[in-house]
Amino acid sequence: MRPSKFCDHIQAKTDDHSETALQGVCGPCHDQKSSREGNDAQRANPRPGRQRPPEQHPGLIG
């Protein structure tokens, strides 16, 4: 077991900084947990696509 060097929120995306909402973790564990939470957030709210929608033919606009 490694000594904790980081203070981490037990629940992601909270502003609760009380002792019961925080935990001490080592660097590798903090990195792994933060990466997992970031990936989960990206999957839950993906960025919009970069492709433009198809445009009508200029002769059909009117």
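The values are calculated or read from the model by the stated rules, or taken from the named source; none is laboratory data. All figures in this text were calculated on a predicted structure; none of them were measured in a lab. Cβ sites come from the backbone with ideal geometry, for glycine too, and all protein chains shown count toward neighbours. Areas reflect the complete protein model, heavy atoms only, side chains present, ligands, DNA and RNA absent. Shrake-Rupley method; radii C 1.70, N 1.55, O 1.52, S 1.80 Å.
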State which residue pairs qualify: first residue closer than 19 Å to residue 14 by Cβ and of a type outside the set (Gly, Ala, Ser) and inside the stretch 28-55, second residue open to solvent by less than 70 Å² (accessible area, probe 1.4 Å) and part of a loop (DSSP other than H, G, I, E, B) in any location, beta carbons under 8 Å apart, and separation of 6 or more residues or different chains. 37/12; 40/12
Starting from the stretch 2-22, take each residue that is more than 15 Å from residue 35 (Cα to Cα) and list its partners that are exposed (fewer than 10 other Cβ atoms within 10 Å of the Cβ) and of a type in the set (S, T, N, Q), counting only C-beta distances under 8 angstrom and pairs at least six apart or across chains. 21/11
Just name the residue that is nearest to residue 42 (Cα to Cα) out of those in the stretch 1-15 that are charged (D, E, K, R) and open to solvent by 90 Å² or more (accessible area, probe 1.4 Å). 13
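Residues checked against (1) open to solvent by less than 100 Å² (accessible area, probe 1.4 Å); (2) in a loop (DSSP other than H, G, I, E, B):
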residue: 17; (1), (2): no, yes
residue: 24; (1), (2): yes, no
residue: 28; (1), (2): yes, no
residue: 33; (1), (2): yes, no
residue: 36; (1), (2): no, no
residue: 39; (1), (2): yes, no
residue: 51; (1), (2): no, yes
residue: 54; (1), (2): no, yes
residue: 59; (1), (2): yes, no
